[in-house]
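The values are calculated or read from the model by the stated rules, or taken from the named source; none is laboratory data. Computed from a predicted structure; not experimentally measured. Positions of Cβ are generated from backbone atoms using ideal geometry, with glycine treated the same way; all protein chains shown enter the neighbour counts. All accessible areas refer to the heavy atoms of the entire protein, side chains included, with ligands and DNA or RNA removed. Shrake-Rupley method; radii C 1.70, N 1.55, O 1.52, S 1.80 Å.
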Amino acid sequence: MVAVFAHGELRLYLLALLADGPRHGYELITALSDRFGGTYRPSAGTVYPRLARLEEEGLVRRAASGRTAPYALTDAGREELAARADDVARLERGIDETVRERAQSLREDVASSMQGLRAELALAAQEARQEARRTPRGPASDAQDRGRQARAASNRARREVDAMLQAFRDDLRAELRRADAVDAVSRVTVETARTVLDSARAAIRATLR
């Protein structure tokens, strides 16, 4: 995957994020994730070493004592940020473009996956219909038996799908709650869910015809 930030850009953007006030490292990570609409979330191993370097350069400091204290801009940090205002504006425009590209790529990936799923389901449904047409007709009693068997099979399949939907719903709700606890649910999550669910509904309906 292409790097999100060019050399030195993450360092500069961390200074820009601290212009609004002191923040902990994890708050900066969350702010970066939010800025990218959830399409990018830097690791602690990416952010903290850069904060340590900024601290060594005298551009940021701990707002209080202790290793868990938030980071804040120093006067030198504010001076560098002011001197590089044009670079920050250019970086913001680049981030806007990156977010658009990543969101479009994600939508295309989801759409492609769902198209494949629809094709597989449609093929399975077609094969099932062809198999049913190949079954020879028999006496009325045989037809009744086949009808009962078909009803029982349909009921079992419906209950199996119900169970899968319930498990999917429970698992995804738990994941969303965990993500929401750290403010990690974004509009990209919403749009992805809408695309996937709409496509899945259409694909499953195609097998019911």
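General observations
- Every pair of residues 6+ apart whose Cβ atoms lie under 7 Å, when the first sits in the stretch 168-190 and is modelled with pLDDT under 80 while the second is aliphatic (A, V, I, L, M) and not in a helix (DSSP H, G or I): ALA179/VAL185
- On the stretch given as the stretch 25-43, residues that are more than 21 Å from THR98 (Cβ to Cβ) and open to solvent by 50 Å² or more (accessible area, probe 1.4 Å) total 2.
- Taken over the stretch 45-62, the residue count meeting the criterion of being in contact (Cβ under 8 Å) with a residue 12 or more places away in the chain and open to solvent by less than 50 Å² (accessible area, probe 1.4 Å) is 7.
- Near pairs, Cβ below 6 angstrom, 6+ apart or cross-chain, from the stretch 24-35 (free of Cβ contacts under 8 Å to residues at least 40 places away in the same chain) to any residue that is assigned to a helix (DSSP H, G or I) and open to solvent by 10 Å² or more (accessible area, probe 1.4 Å): ALA31/LEU17
- On the stretch given as the stretch 43-65, residues that are at pLDDT 95 or above and of a type in the set (Phe, Trp, Tyr) total 0.
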